[in-house]
Amino acid sequence: MRAIRLRRKFEFVEHESVKDWQCIRIRKGPFSGLVYCYGRVGVVEQPEGAKLEFSFDMVENPRNVDLDGKKLHKLLGDILVFLLDEQVNGGEIVSDHITAEKIPEAKEFDDE
């Protein structure tokens, strides 16, 4: 149920200042109106487990939201995890504007 509520909070959008990438617009909540794109995404191994680290570029901030706040970073992280999970488990990403082709199955290569 949480995934459904989260999915309603954002949408994919195109932005004239960003070429070759789709952006995400927050639709609901205290961060509504923010438009951003993810930058680097990586997994860092730590003693207590893996941690997802990411950067983002803010494209629109019409309400001058504090971009360093923990709540914003948690929301962007939750959206990123949702999207990664959707891609890995579903084999495709469907947005409001683009439907990506099914991701091919991993192939095994012989060591030569």
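Just in segment 7-91: which GluC sites (Glu not before Pro) are loop by DSSP and have at most 10 other Cβ atoms within 10 Å?
Working: sites: Glu11, Glu14, Glu16, Glu45, Glu48, Glu53, Glu60, Glu86; in loops: Glu14, Glu16, Glu48.
In loop regions of segment 7-91 (DSSP not H, G, I, E or B), the sparsely surrounded GluC sites (Glu not before Pro) are Glu16, Glu48.
Looking at segment 1-43, the trypsin sites (Lys or Arg not before Pro) that sit in a DSSP loop and have at most 15 other Cβ atoms within 10 Å of their own Cβ are Arg8, Lys19, Arg27, Lys28. Between Glu16 and Asp57, the simple spin-label model (points 7 angstrom out along Cα→Cβ) gives 1.7 nm. Approximating the spin labels as points 7 Å out from Cα along Cα→Cβ, the Asp85-to-Lys71 distance works out to 2.2 nm.
Taken along the Cα-to-beta-carbon direction at a fixed 7 Å, the label points for Glu45 and Ile4 span 3.9 nm. Overall, segment 2-90 carries a charge dipole of about 540 debye about its Cα centre when +1 sits on the Cβ of Lys and Arg and -1 on the Cβ of Asp and Glu, all other atoms neutral.
No lab work stands behind these numbers, since they all come straight from the coordinates. Note that the structure is a prediction, hence the values are computed from the model and not measured. Using ideal geometry, Cβ is built from the backbone for each residue, glycine included, and neighbour counts are taken over all protein chains shown.
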